1. For q = 0.15, 0.21, 0.22, 0.28 Å⁻¹, what log10 I(q)/I(0) does the stretch 78-148 give under the Debye formula with an equal point scatterer on each alpha carbon and no solvent?
2. Residue separation times 0.36 nm, minus the C-alpha to C-alpha distance between ALA52 and CYS500: what's the value?
3. Based on the mean of other Cβ atoms within 10 Å per residue, sort peptides 378-390, 493-505 so the most packed one is first.
4. Enter the Cα centre distance for the pair the stretch 315-361 and the stretch 95-171, rounded to the nearest angstrom.
5. Given 0.36 nm per residue, what is the gain on full extension from VAL352 to SER33 after removing their alpha carbon distance, in nm?
6. Let a ≥ b ≥ c be the square roots of the eigenvalues of the Cα gyration tensor of the stretch 128-188; is it rounded (a/c under 1.5), or, if not, prolate (a/b larger than b/c) or oblate?
7. What ³J(HN,Hα) values, in whole Hz, does the Karplus curve 6.51 cos²θ - 1.76 cosθ + 1.60 give for the stretch 35-48 when θ = phi - 60°, with x put for Gly and Pro?
8. Could you give me the ³J(HN,Hα) list for the stretch 57-70, computed from phi with Karplus coefficients 6.51, -1.76, 1.60 and θ = phi - 60°, whole Hz, x at Gly and Pro?
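Each value in this text was obtained by applying a stated rule to the coordinates, not by laboratory testing. From a predicted model like this one, the values you see are computed outputs, not experimental measurements. All Cβ positions, glycine included, derive from the backbone under ideal geometry; neighbour counts span all protein chains shown.
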Amino acid sequence: GWYTSMFTFACSIYRCENDSDQMPVAKKAKTLSWKAETEVDRVPQTLRFLPAREPGPQLSPADSHSPLSLFKLFFTESAVENLCHNTNAQAARAIAKGRKYKWTDVGVDELYRYIGLIFYMATVKMSSIADYWRQDNLFSLPFPATVMSRDRYRTISWNVHLSHPDADKENDRKRGTAEHDRLFRIKPLMDTIRLACKSFYHPRRNLAVNERLVACRANRAMTQFITVKQTKFKFFVLSDSSNGYTVDFSVYTGKNSFPTDRGLSYGAVMSLLDNKGLGSGYHVYMDDFYTSPKLLTDLFAMKFGACGTYRDHRKDFPKTTANSLTKNSSRGSIRWIRDGPLVCVKWMDTQVVSVCSTIHAAYTGERVQKRVKEQDTWKTKSFPCPAPVSAYNQHMGGVDLSDQLLQYYAAQHKTMKWYRKIFLHFLDIAATNAFILHKELYGNLSHSQFMEELIAELCGMSQKAAPKQTSTDHVPVPGAELTSDVRRIATVGRRICVHCKAVRGKKQQTPWKCHACNVH
């Protein structure tokens, strides 16, 4: 009996040991701690740059490309013809509703002249539209009246329409359903310009993603509320960091703008990056609104490197405080954590800067010059700087450059209709991209010179017209030869003054005439 019981006990122990070997063991959570700049970080994999086309303008510099021909790559004659058709339909609908103004159908040439005047007003600033046609003012401008009348300009502005009014009605009936398209009123022109932006230029390696805001009064569901009195349309923009060219853009239409369950920022970036169209090996820079570990690792799987500032509280970013920076850390201190292709870096500047990247090593020896105050005097000192921070500062400037070029000659008028505001922004994108193409091809015109030539060509004027007489030619000269006969000095050569007759309504004689105009 004793032997039997011992044998049974031994067998039970053997079974338990075998069962414990086969039981699944819980994986230990990966514990990562911050490392200092003295520890070497190595990038596990470098992406090879393989663009789908040769970067740069997809046009031959040997061909002649005027500012107007480059602008028409984006605002094609077929697109403008469709715009005229929809504008005429909108005007007919407005008149049928009882609007009291004269209307004749607008044609392609006239609409190009209208666009030329919009750019002219963006270049020459006046306080109101009416001031461009004032003739009784010291600062009156003769040019707009030679292109079209004030009333014609206004009626076209009131009726500019990007989609057909009847189709708008059909779309509006679907409001509240999945079939309703919030961007229906701008879709025809938007699709044309997006395609042109991608077709006629292929970006260089470094790209930047950011938002661009257009002030308007519109449906709150499609806008971002910025201040108490103003809402703004948000564009998500992909631009070339080297020159500010707008490669692609998408429009915010609400929280469900993009068909993804990863959130707005994730969907916005993914909607702008296309492997087939761009190629692989691109470096994409973004700010902390977009940056997340999930986005950067998914982009890396698509063979896009990415770098951006990030918010510490976001999901999946390192939360450990082991060896982390503190408020007492010295300026220039660096901490980093690498998890596969993703490196997260903290750098102490005047405050902590957080950046993550799938492109760079944490620190490769770069230093930056900073102004610091010591004992009431300002000095320049050198501090270590992480590679992702240096690259971010360099390449996110492409967004600032793009916005800066757009704002120089922004074609913005006050209007109650949101889609007309977007139309004016489309004009800005087309003109700015056309200028960048011209600069890349020839580089012989400044931005202001390019806009002047574009305006002249759109309005059917010549920049090389004979110079007009200057104010120095308009000087008073005697109306007749001077005489020594004292009896005739007061009367010889006197004629009625045209100024007194026109302005004061009096027939007053004068012996003086204008040298340039040859009138008294």
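1. -0.65, -0.99, -1.01, -1.15
2. Difference between extended and current length: 154.1 nm.
3. 378-390, 493-505
4. Using only Cα atoms, the two centres lie 55 Å from each other.
5. Full-extension gain reported as 113.1 nm.
6. The shape class here is prolate.
7. Values, residue by residue: 10, 8, 5, 6, 8, 7, 10, 10, 6, x, 8, 9, 6, 7 Hz.
8. Along the stretch 57-70, the couplings run x, 8, 9, 8, x, 5, 6, 8, 10, 7, x, 5, 5, 6 Hz.
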